[in-house]
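To keep things clear, I will list the structure first and then write my remarks on it.
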Amino acid sequence: MTRSRLVLIALAVPIAAAGLCACGKVGYLEQPAPLWGEKAKADYKAREAAHAAAAAAHEAGTVEPVPETLEPPQPGAATPLTAPPAAPAPRTSPPQ
């Protein structure tokens, strides 16, 4: 290889890498509507309507925030780690 070809490759690789890094969408990827099938199209429209309603409710502030899962909802409340163990099932004798 000649020196000019090495310089060309050394310049082309970073430029190509920078260009490829900029490809793609950032954030939520929207699924396009289906092309075939009436049921699939109806399901898509229902999903989009539910998503739009949830987004509107979130914007309006009517959606309650998700509680922190690592803390009990109120002081002294039982959690799966602090709940007393369940009583064992009574034993029955086998049929004779």
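Every number here is computed from the coordinates shown, using simple stated rules; none is lab data. Being a predicted model, the structure only gives us computed values, none of them experimental. Note that each Cβ is placed from the backbone with ideal geometry, even for glycine, and that neighbours are counted across all protein chains shown.
Just a few scattered comments:
- The ranking of Leu8, Leu35 from fewest to most other beta carbons within 10 Å of each one's beta carbon is Leu35, Leu8.
- Counting neighbouring beta carbons within 10 Å and listing from fewest to most, the residues Glu59, Glu48 come out as Glu59, Glu48.
- Here the residues Leu6, Leu29, ranked from fewest to most Cβ neighbours within 10 Å of their Cβ, fall in the order Leu29, Leu6.
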